[in-house]
Amino acid sequence: MTIGWRSSTERWKGLTDRAPPRSVRGGCFPLPSSATQSAFSYSRIVKPADVFEVLALAFSTGELDEAGPLFRPDYFDHQQLEGSDLKGPEEFTAVVTGARRSLDDLAVRVRSPVTRADDLAVAVLGWRGRDRSGALVERETVEVLRLDVSGRIVEHWGLEIRRALTGAE
């Protein structure tokens, strides 16, 4: 099921009104202790599917407030920006900024259900935007995240599985 970023925004905002489930079954992760919980204002429980929705929304809008707290300070991206020593949320911010700079009207959507095994979560993302020549660029990527017990992102691997380029209008 494909969820557009507008509907995912509405769905995400709905999480703040919901009490956390009684258990953490079904791939949910409890967030860190109350000392660090203030950074996670949106919910007491983070589901891997919601993590991907927030990341897609960050790429689509450039709004990073919700995504930043999802990353551990020692987060490592295996597709590290060339020549960059950034780590943690700062590295993700640089990646989003670069992606939004390279494609106008960038829209990213979760295209597949999120699969979870142990501490890994996998999803297919659809990317769409226009390059500087005005050509439409469409991509699909497989994204793998390693999450800690609180649901925060520790590592990321990504692989482009499809790219299509349509001439400028």
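Taking the Cβ of Arg163 as the center, what net charge do the other residues with Cβ under 9 Å away carry, scoring Lys and Arg +1 and Asp and Glu -1?
-1
For the residues Glu82, Glu140, what sequence is obtained by ranking on other C-beta atoms within 10 Å, fewest first?
Sorted ascending by nearby Cβ count, the order is Glu82, Glu140.
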| note | Going from the fewest other Cβ atoms within 10 Å to the most, one would list His78, His156 as His78, His156
| note | Label model pair Thr166, Leu86: point-to-point distance (7 angstrom along the Cα→beta-carbon line) in nm is 3.1
| task | Please give the FRET efficiency for Arg132 paired with Ser112, using the beta carbon to beta carbon distance and R0 = 22 Å, rounded to the nearest 0.05. | result | 0.15
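Each reported figure results from applying straightforward, stated rules to the coordinates on display, with no laboratory input. Model, not experiment: these values are computed from the prediction. Virtual Cβ from ideal backbone geometry, glycine too; neighbours counted across all protein chains shown.
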